[in-house]
Structure formats: C-alpha cells, structure tokens
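These notes concern the structure reproduced below.
The values are calculated or read from the model by the stated rules, or taken from the named source; none is laboratory data. Not measured: the values here are computed from a predicted model. Neighbour counts run over all protein chains shown; Cβ positions are idealised from the backbone, glycine included. We work out accessible area using only protein heavy atoms, side chains counted, and drop any ligands, DNA or RNA first. Shrake-Rupley method; radii C 1.70, N 1.55, O 1.52, S 1.80 Å.
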Amino acid sequence: MEKVPGIEESSESPALSPPPPDLPPNMETEQTAHANYSIISRQGVGSTGIRKPLLANLFKVSVNAPDAIFFQYSVTIASEDKRAIESKGIGRKLIDKLYQTYSSELGGKRYAYDGDRTLYTVGPLPSNKFEFEVLLEESFAKHSAENPGANGSPRKETKRSKHSFQSKIFMVEISFAAKIPLQSIALALKGVESNTNSQDALRVLDIVLRQQAANRGCLLVRQSFFHDDLRNFTDVGGGVTGVQGFHSSFRPTQGGLSLNMDVSTTIILKPGPVIDFLLSNQNVKEARYIDWAKAKKMLKNLRVRATHRNQEFKISGLSEKPCIQQLFSMKVRNVDNNNGVETVDITVYEYFAKHCGIQLNSSAYLPCLDVGKPKRPNYLPLELSSLVSLQRYTKALSPTQRASLVEKSRQKPQERIKILMNAVGNYCNHDDPILAACGISIEKQLTQVEGRVLEAPKLMVGKNEDCLPYSGRWNFNKKTLLKPSHINVWAVVNFSARWDTSYISRELIKCGMSKGINIGRPYSLIEEESTYRKSNPIARVEKMFELLKSRLNKEPELILCVLPERKHCDIYGPWKKKCLSEFGVVTQCIAPLKITDQYLTNVLLKINSKLGGINSLLKMEHSGHLPPIKDVATMILGMDVSHGSPGRSDIPSIAAVVGSRCWPLISRYRASVRTQSSKVEMIDALYKPLDNGNDDGIIRELLLDFYDSSNGCKPDQIIVFRDGVSESQFEQVLNIELNQIIKAYQHLGEVNVPKFTVIVAQKNHHTKLFLDNDMKNVPPGTVVDTKIVHPRNYDFYMCSHAGIIGTSRPVHYHVLLDEIGFSADGLQNMIHSLCYVNQRSTTATSIVAPICYAHLAAAQMGQFLNFDDLSETSSSLTSEGNVPIPELPRLPKSVRSSMFFC
C-alpha cells in the first residue's frame with residue numbers, strides 16, 4: 001500500500017515546523033504534560049427560543065428512608081471439590097435455592113443479586129462471612145430411554161425414571177465487601193460531591209429491577225429486559241426475530257431521583273423447529289440445500305428442547321452421518337445369556353423406531369444434533385428438536401434485516417407514551433422487599449418539563465440569496481449553489497446493466513446548469529464488459545481501471561460510478577480505495593432507482609463539496625459575524641470511533657477525526673482516519689511520536705491543514721465534539737485524548753496552548769421528549785436544560801432535526817470543559833447552527849455536522865479494508881505485540897484535504 005507521511009506538509013509551514021531534533025521524540029515531559037482536568041459544573045441555563053411544555057420519559061422516585069445503607073457482599077461459587085465455577089447461568093438458581101434452605105441463617109433478610117459475583121442487602125447480614133453447601137437438583141436427561149448416546153442403554157419408561165434427577169452439590173461463600181449509603185444519592189441530587197459514589201447506590205437500585213425481571217423469566221441485556229411474549233416478537237428474516245422490551249435505569253436529575261423507562265429492542269433467534277430456523281437462516285427452500293458446515297457453526301452452544309420429552313439441551317455439534325446411518329453403541333440385555341448385558345451398534349433412526357415408537361420422516365437423511373459431551377455424544381434428530389425462546393443473536397444484521405427491524409419497531413410518540421405508562425405500572429413493583437426497605441415509590445406519570453424551541457439559522461445560497469429553513473428543511477428549487485465548482489474533465493463508469501450512462505450524464509449536466517455548476521461533456525462513458533460481472537469485486541474494479549486508463553489522456557477531476565446495487569454493494573469499498581488512495585481522484589457513486597431532479601440535486605451537493613465548492617453557508621458565517629468565532633481563530637474538531645460488528649474481535653476499530661479549515665468558516669472540514677485495536681474507544685493516534693522525533697498523529701495533520709487553509713492563522717481556540725463515549729469515560733476524554741491534542745500542538749513548537757471547549761454528544765441513550773397533548777414529535781430546535789438534566793454537571797438535550805416517523809431521539813450534549821467561556825445561549829445556538837452546515841444535506845441533522853463527517857469518514861475508509869482476509873493488508877502490532885492491526889493507506893495530496901467523505 002502506498003503511504004504518504006502526514007508530516008510532508010510541514011515544509012510549507014515554517015511557523016508550525018517540528019521542534020529541533022535534539023528534543024526528546026516523546027514529548028511526555030513534566031514541562032509539556034498538562035495538568036489534569038475535571039468535569040465542569042453547570043454554567044447557567046439558556047433563555048432564547050419559544051417556550052413549550054413537554055413531557056419526558058422519566059418517572060419521579062420518592063425515597064422515604066434516605067439513611068438506609070446497602071451492604072455489599074462478594075459471592076464465590078465452587079464445586080464440591082473446591083473448583084471455582086463461573087456463576088453465569090447457574091447463579092440465580094443457586095442463590096434462590098440457598099435462600100430457601102438457609103433463610104434463617106441469613107436472618108430472613110432479602111437480597112438483590114446481580115446474577116454473577118455480587119449480592120446486596122439493606123442493612124447487614126448476621127455475619128460478615130458465610131459458607132454454605134447447596135444441593136441443586138436438575139432433571140437427569142442422559143439416562144432417559146429416549147436420548148440415545150454413544151454408550152447409552154435403553155430403559156423402559158417407568159414412573160420412577162420419569163422423576164429421576166441428578167443432584168449436584170455446590171459450595172457458596174458470601175463475604176462482606178463494602179457499605180454503600182443511600183444518602184450518597186441525596187447528596188448527588190444536591191450537587192454535592194461526597195467520598196462515596198452515588199453511581200454505586202444507583203447500580204443497586206438498577207439490580208433490584210433486573211432481579212424482578214429475571215424472576216419473571218425475562219431475557220436480561222444490560223439494563224433492558226425482554227419477556228417471552230409472541231405479541232412482542234417481529235420476524236426480520238434470516239431466522240432472526242426482533243423482540244420488544246423495556247430499558248430501566250435510575251437517574252439523578254435536577255428534579256430529584258428519577259426512573260428512566262423506555263421501549264427497547266434486541267435480536268433473538270427465531271424460536272421453533274430447528275430445521276425451520278436453518279432454512280430461513282440460509283435462505284433455502286429445502287433441507288437438501290443446507291450448508292451443514294455453516295449450520296454447525298451457527299447452532300453450536302444454542303439451547304434446544306427435545307419435543308418428545310420436553311427436555312432442554314445445549315448443542316455441541318452435529319453427527320458425522322445422517323440419522324439413518326449414524327451408529328452408536330448401546331448396552332442391551334441378552335436373554336440367551338442368562339440375562340447378561342451385551343453391547344450392540346444401532347442407528348439413531350432404528351433406535352427411535354424400535355425403542356421409542358417414533359418413526360422419523362423428514363430428518364432420516366439429515367444429520368442429528370449432538371447434545372452430549374465431547375467424548376459422550378448424545379444424538380437428537382432434527383425433527384424432534386426446537387430452539388428455546390429468548391436466545392440472543394449476537395452477529396451483525398444484514399442491511400435488509402436492519403431496515404426491517406427499524407421499520408417494524410418504530411412507534412409514534414403517543415403510542416410510546418401509552419406503552420411506557422403501562423410498563424411502569426406493571427413492572428415497577430413497590431412491594432419489592434429491597435425497595436420497600438428503602439422507602440422507594442415510583443410515580444406513574446411522565447415528568448413535565450419546559451423546553452425551548454430555538455430559531456433556525458438563516459442560510460446563504462448562490463446569488464447572495466437568503467434561504468430560511470422551515471421545520472428543519474430547505475431546498476435548492478430555483479436556487480443555485482453558493483460557490484459552485486466547474487467540472488471539465490470527468491468520466492462515467494457503469495457496473496450496472498440497468499442504466500444508460502449517456503442519459504445519466506446528460507441529465508446531470510442539465511441539473512448542474514440549473515444549480516450553477518458548469519459541467520462539460522464527459523471524456524468517456526465506460527461500460528463494464530458482461531463477461532466480468534460474475535468476477536470478484538476487486539477483479540471487476542481492476543479491469544474497469546484498465547479500461548479507464550486506456551480511454552483518458554488527462555487526469556480526471558471526477559469519476560462518476562454507477563453501481564449495480566443501491567446499498568452495501570461489494571464493489572463500493574474496492575472502488576473507493578482504488579480511486580482515492582491509489583489514483584488520487586474524487587469519485588461519486590450512485591445507484592438510482594429513478595432519475596429525478598431531486599435525486600440529481602442531492603448527488604450534485606456531494607460532488608460540489610468533494611471538489612471544493614460550497615453549497616450553502618450560515619448567513620452569519622458568510623458575513624463573518626459568527627460569535628465568538630469571528631474574532632479569534634477557532635478550529636472545530638469532530639471525533640468518532642467506529643467499531644466492528646458484534647462478535648468480530650478480529651476487526652479493528654476505525655478512529656476518525658475531522659478538523660475545520662478555511663477559518664472563519666465552520667462548514668469546511670478535512671478528515672484523518674486510523675485503525676486501532678478492536679473495541680477500544682479512546683483514540684490512540686491523536687499524538688504519535690516516532691523514533692526520529694516526528695509526530696505521525698492525527699491532530700498534527702489537521703493543525704497543519706488549518707494553518708495552510710486559514711492564511712497562516714494558528715488556532716487560539718479549539719472546540720472538540722466527541723461522539724460515542726459513556727459517562728464513565730468522560731474523565732478519559734479530558735485527561736487522555738485532550739492531553740494528546742495538547743501534546744501534538746506543543747510538538748509543533750508552540751508554547752501558548754489554545755483554549756479548549758470539549759463537548760460529548762450522546763445519541764445512544766433512552767431519554768425521549770414528547771409534546772404535551774400533541775400527536776407530533778417535538779419541533780426541530782427543541783432544547784431542554786432544566787429539571788431532567790444532571791443536578792451538577794453541564795448537560796442539555798437538543799432535538800435539532802424534524803422527526804417524521806417514529807419518536808425523535810434528542811442528542812444529549814455534555815460540556816466537559818469550557819475555557820473559551822460560552823454563555824449557555826451562545827453554546828446552544830452554536831451547536832444548533834452546526835446542525836445546519838452539513839454540505840450533503842438539505843435538512844437539519846440530528847447531531848452536529850463535524851460528528852456526522854467523522855462518522856462518514858470512518859465508515860468510508862473502513863471499507864478500504866478487506867475484513868475477510870486481514871492478513872493481506874499491511875499491519876503493525878497492537879500493544880499486546882501479537883495481534884496485527886491492518887493499517888489504512890494515507891491519501892495522496894490531491895484528495896487528502898477534500899471532503900471525500902461527503
């Protein structure tokens with residue numbers, strides 16, 4: 001792969017050149033290390049906008065015994081011979097049995113158990129340490145006559161054998177660990193920091209609700225629970241089912257302790273006959289088409305019920321031969337040998353026919369499920385097996401499945417309100433002994449809160465015309481782009497047999513003229529040869545480039561690519577990589593269902609942005625009156641980390657940072673993208689000192705680009721928008737990532753560090769806002785910064801976009817640091833304005849444009865990697881030193897500063 005060092009630009013920027021070589025390559029010295037930051041408290045509330053009464057899905061919680069103290073106990077589980085046992089799966093059964101057996105020794109005190117290693121009580125247990133012997137009985141399946149095994153022996157089904165059990169003894173140790181005063185919540189609600197963490201007390205209350213759900217047989221997924229109720233199931237195809245449940249968590253707010261209750265959705269395997277699941281999962285109509293190697297991998301460790309016995313098993317594999325041929329050894333009585341016992345080989349098919357009276361039909365010529373141990377197989381025919389309900393599906397959904405899930409799980413605001421109010425009434429039981437001991441009661445009504453609707457910013461388009469968005473939307477009908485680019489040399493390549501490229505190019509030229517873009521005739525229209533359509537994607541791309549190079553005698557400014565599929569086309573990644581990283585040319589991919597003026601306008605918005613044009617600007621940005629950015633050189637960063645699909649720990653995470661350029665504009669950005677260790681959220685390449693004294697980090701690239709594009713101005717203020725981190729990681733954002741940014745700045749020889757404002761934007765939360773007595777979603781520009789926000793920290797909710805379908809989800813903004821010194825109104829209006837500058841959109845985005853861009857850049861450059869064969873990419877070693885992380889190519893100078901991600 002071609003690598004273009006990011007430090008090459010430094011030769012053009014003497015004022016921001018690297019320090020002399022005699023300085024240490026790693027600048028983590030006492031002089032350059034920045035003091036630790038702490039999260040700031042609220043700096044006031046906003047007042048601008050039209051006030052509007054709203055409801056929020058938080059339910060007020062009263063605590064009438066605030067002096068209660070939770071006692072935390074560690075739970076360890078071992079077998080009879082003292083071998084430690086993971087409590088997952090067996091813990092709740094075991095602790096329930098322990099309480100039934102030894103409640104008097106525990107003083108009759110009820111508990112909240114997290115299902116793993118921790119147990120809580122209100123007040124202490126009689127002793128600080130207990131050791132119990134617990135007998136757990138389970139129905140004994142292996143010796144049943146209807147479950148053939150390799151060494152099984154059939155028995156007649158007697159009344160006694162129906163009730164045969166296997167008993168197992170477990171050693172359970174419960175020992176005191178800590179005290180957690182409930183008072184810590186009251187102090188947190190007053191905004192007082194105490195030595196005890198209120199999060200610990202809130203976690204105990206959350207565990208109480210989880211335990212209630214577990215006792216009802218619910219599936220628990222983090223802080224959500226899901227009932228086994230067919231009315232909540234929705235088939236999304238491929239043997240996968242969406243199931244609706246509820247999220248619940250206790251939250252400290254300005255209005256007091258609240259319970260956040262929301263509708264939640266997870267994915268499970270479709271319960272029912274295993275053979276039906278396999279047909280659906282592999283999208284085949286008959287069992288003879290099933291890929292059994294793939295099926296074996298999919299079924300491993302799933303739980304099934306033997307329908308003829310109503311007994312549960314875990315699948316360990318598949319039989320090597322079909323049911324009618326698969327032999328196993330069985331001990332039988334020999335009448336001719338004085339009732340002695342002999343071992344005979346018998347097929348699974350014959351066994352079920354002779355000894356169980358079951359004639360196998362559909363699965364006779366199919367493999368059996370192996371539900372035994374590695375050395376003691378236990379065969380179960382497919383037609384007698386059914387998948388147990390509520391088993392999570394942890395693999396990534398296909399685009400079709402995801403679209404189906406989203407569409408089927410949407411709820412209108414008033415529908416969601418009704419469901420939530422019923423849920424609080426049904427599931428938040430006040431008679432729970434732990435909640436009762438704390439004097440906790442939960443109101444059944446949603447919280448009333450006052451919101452404000454901010455005015456939409458005016459935009460400036462071509463011919464100095466004003467454009468005033470209405471309800472978060474605007475368009476370019478009868479309008480031109482503010483700064484249109486001109487395209488002289490371009491080509492069209494067509495991977496689709498459906499479209500005529502000459503027609504597409506004519507329509508694009510015509511639409512471009514109406515929007516102010518002067519597009520010349522394409523130099524070449526290149527059709528893919530039909531013989532290559534069945535080749536692999538990389539081969540198709542390579543062949544197309546050979547044709548392209550043979551037809552062009554000038555370097556193109558743009559290549560328009562017509563793809564055969566509309567979404568997630570496998571040509572997209574190789575094509576983008578070839579164009580951007582190897583050829584260094586901007587490309588625009590399209591896969592139209594219909595060619596309309598609106599469709600072509602949207603395509604032209606992207607093309608114009610990529611080629612350096614500007615579609616629209618905020619009016620105050622265009623006039624240079626954007627406070628407080630107009631007076632002080634200000635850089636805006638958007639930071640995001642994109643992780644691979646669930647269950648794929650081999651796929652690296654993609655960290656992307658975009659930085660604003662051409663100050664005082666806030667609509668132009670450049671991206672820098674790197675790979676890092678899988679599932680790691682903190683960005684580790686912001687500052688990356690090399691052995692030669694250079695910095696190869698992300699921030700250096702963006703700082704140099706800001707300097708070059710802003711007439712030699714260095715940023716005196718930097719506004720950082722960070723996406724995707726939880727509250728537990730806020731301190732890391734400040735004291736790891738922000739310090740890396742500062743070190744990158746200092747490495748360029750700068751002494752005066754810029755002022756920083758650091759804002760985290762969260763979309764993955766469960767707070768929803770509703771209009772009071774209105775069926776619609778809250779209007780775009782809605783802000784809430786009172787009552788339901790944190791009692792001490794500086795946060796607010798903003799719904800900047802127009803919610804057309806479903807229930808809108810506001811973005812939860814957390815201001816961690818504000819050295820620049822924004823007023824509450826100034827900050828909220830700036831954030832609201834940044835939702836109107838996305839150059840590829842004619843609607844206000846739900847989150848600020850820099851974060852949108854960072855997400856797009858990570859997604860697009862992540863396509864460069866072939867995740868099916870990571871060994872083919874160049875790599876460096878992770879911090880563990882043994883797992884290679886494939887590196888992304890550095891883009892050539894011709895495209896690296898472009899908005900290629902639009």
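How do the peptides 307-314, 111-118, 779-786 rank, highest first, by the average count of neighbouring beta carbon atoms within 10 Å per residue? Mind dumping the intermediate values first?
Working: 307-314: 15.5, 111-118: 19.5, 779-786: 24.2.
Sorting 307-314, 111-118, 779-786 by mean packing, highest first, produces 779-786, 111-118, 307-314.
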Using mean Cβ contacts within 10 Å as the protection proxy, how do 529-536, 180-187, 434-441 order, highest first? 180-187, 434-441, 529-536
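Classify segment 413-511 as rounded, prolate or oblate, taking a ≥ b ≥ c as the square roots of the eigenvalues of its Cα gyration tensor: rounded when a/c is under 1.5, otherwise prolate if a/b is larger than b/c and oblate if not. Don't skip to the answer; put the middle values down first.
Values: a/c = 4.79, a/b = 2.37, b/c = 2.02.
Prolate is the answer for segment 413-511, as a/c is 1.5 or above and a/b outweighs b/c.
Viscosity 1.306 mPa s, temperature 10 °C: what is the translational diffusion coefficient of segment 448-557 from Stokes-Einstein with a Kirkwood Rh over Cα pairs, rounded to a whole number of µm²/s? Each step should come with its number before you reach the end.
On the way: Rh = 17.5 Å.
Answer from the Stokes-Einstein relation: 91 µm²/s.
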Two decimals is fine: what's Rg over Rh for the chain, C-alpha atoms, Kirkwood radius as Rh? 1.01
In percent, what relative contact order does the chain have, based on Cα pairs under 8 Å that are 6 or more apart in sequence? 16
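Which value in deg cm²/dmol, rounded to the nearest 500, describes the helix-derived mean residue ellipticity at 222 nm for the chain, given -39,500 (n - 2.57) per DSSP H run of n ≥ 4 and division by the residue count?
Values: 20 runs with 201 residues, N = 902.
Value at 222 nm, helices only, nearest 500: -6500 deg cm²/dmol.
Where a ≥ b ≥ c are the square roots of the eigenvalues of the C-alpha gyration tensor, would you call segment 551-704 rounded, which needs a/c under 1.5, or, failing that, prolate if a/b is larger than b/c, or oblate? Numbers along the way, then the final one.
Values: a/c = 1.69, a/b = 1.08, b/c = 1.57.
It comes out oblate by the Cα gyration axes.
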For residue 52, the aspartates and glutamates lying under 17 Å Cα to Cα, once residues fewer than eight places off in the same chain are dropped, come out as 450, 455, 772, 774, 785, 825
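Work out the length of the dipole vector of the chain about its Cα centre, built from +1 on the beta-carbon of each Lys and Arg and -1 on the beta-carbon of each Asp and Glu, and round it to the nearest 20 debye. Before the final figure, lay out the partial values.
On the way: 108 positive and 92 negative charges, 570 e Å.
Rounded to the nearest 20 debye, it is 2740 debye.
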Percent of Cα-Cα distances greater than 16 Å, calculated over segment 778-853: 51
Estimated FRET transfer efficiency when R0 is 41 angstrom, pair residue 392-residue 65 (beta carbons, to 0.05): 0.65
Mind giving me the nanometre distance, one decimal, between the label points for residue 708 and residue 595, set 7 Å out from Cα along Cα→Cβ? 3.7
Could you grab the relative contact order for segment 229-288? Cα pairs under 8 Å, six or more apart, rounded to a whole percent. 33
I'd like the distance separating the alpha-carbon centroids of segment 654-693 and segment 775-798, in whole Å. 30
Rounded to the nearest 10 Å², the accessible area of residue 349 using a 1.4 Å probe with every protein chain kept is 50
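Tell me which trypsin sites (Lys or Arg not before Pro) from segment 700-786 have a DSSP coil assignment and no more than 13 other beta carbons within 10 Å of their own.
Those that pass, being in a loop and sparsely packed, are 763.
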If you average 1/r over all unlike Cα pairs in segment 451-490 and invert the result, what Kirkwood radius do you get in angstrom? 12.2
When the label point is put 7 Å from the Cα of residue 177 along its Cα-to-beta-carbon vector, which residues of segment 69-83 have a backbone N closer than 18 Å? 69-78
What does the convex hull of the alpha-carbon atoms of segment 717-852 project to on average, in nm²? 9.6
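Ignoring ligands, DNA and RNA, what percent of the accessible area of the chain is carbon or sulfur (1.4 Å)? Please report the intermediate quantities before stating the final value.
Working: 19560 of 40810 Å².
Whole-percent figure for carbon plus sulfur exposure: 48.
Give me the percent relative contact order of segment 205-335, please, defined on Cα pairs under 8 angstrom at least 6 residues apart.
Details: 160 pairs, mean separation 17.8, N = 131.
Rounded, it is 14 percent for segment 205-335.
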Want the number for residue 773 to residue 753: 0.36 nm per residue separation, take away the alpha-carbon distance, what's left? 2.2 nm
Under unit Cβ charges (Lys, Arg +1; Asp, Glu -1), what dipole magnitude, rounded to 20 debye, does segment 363-416 have relative to its Cα centre? 320
In degrees between 0 and 90, to the nearest 10, how far off the longest principal axis of the chain does helix 738-747 point, with axes built from Cα atoms? 40
Only four residue types carry charge here, +1 at the Cβ of Lys and Arg and -1 at the Cβ of Asp and Glu. Report the dipole size of segment 529-632 about the Cα centre in Debye, rounded to the nearest 20. 300
Please work out how much length the chain gains when fully extended from residue 81 to residue 530, using 0.36 nm per residue of separation minus the C-alpha to C-alpha distance, in nm with one decimal. 154.8 nm
Set the Förster distance to 56 Å, then compute FRET efficiency between residue 358 and residue 486 from the Cβ-Cβ distance, nearest 0.05. 0.15
Applying the Karplus parametrisation 6.51 cos²θ - 1.76 cosθ + 1.60 with θ = phi - 60° to the phi angles of segment 197-214, what ³J(HN,Hα) value in whole Hz is obtained for each residue in order, glycine and proline being reported as x? 7, 5, 4, 5, 5, 5, 5, 4, 5, 4, 5, 4, 5, 5, 5, 4, 5, 4
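Sorted by average packing, counted as other Cβ atoms within 10 angstrom per residue and highest first, what order do 384-394, 548-558 take? It would help to have the intermediate numbers written out before the result.
Working: 384-394: 18.8, 548-558: 14.5.
Averaged packing, sorted descending, gives the order 384-394, 548-558.
Want the number for residue 314 to residue 103: 0.36 nm per residue separation, take away the alpha-carbon distance, what's left? Each step should come with its number before you reach the end.
Details: separation 211, 0.36 × 211 = 75.96 nm, distance 3.24 nm.
Difference between extended and current length: 72.7 nm.
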So for segment 378-464, using the alpha carbon gyration tensor with a ≥ b ≥ c as root eigenvalues (a/c under 1.5 gives rounded; past that, a/b versus b/c decides prolate or oblate), I'd call it oblate
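With every protein chain kept in place and ligands, DNA and RNA left out, what is the accessible area per residue of the chain? Probe 1.4 Å, answer in Å².
I get 45 Å² per residue for this part.
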So what's segment 34-128 giving for Cα Rg divided by 2.2 N^0.38 Å, two decimals? 1.80
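Using the beta-carbon distance between residue 199 and residue 375 and R0 = 60 Å, what value does 1/(1 + (r/R0)^6) give for FRET efficiency, to the nearest 0.05? Provide the component values of the computation, followed by the final result.
Working: r = 47 Å, r/R0 = 0.78.
Efficiency computed from Cβ-Cβ geometry: 0.80.
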Per 5 angstrom bin, beginning at 0 and ending with the bin that holds the maximum distance, the Cα pairs of segment 310-391 fall in percents of 3, 14, 22, 23, 18, 10, 7, 3, 1, 0, 0
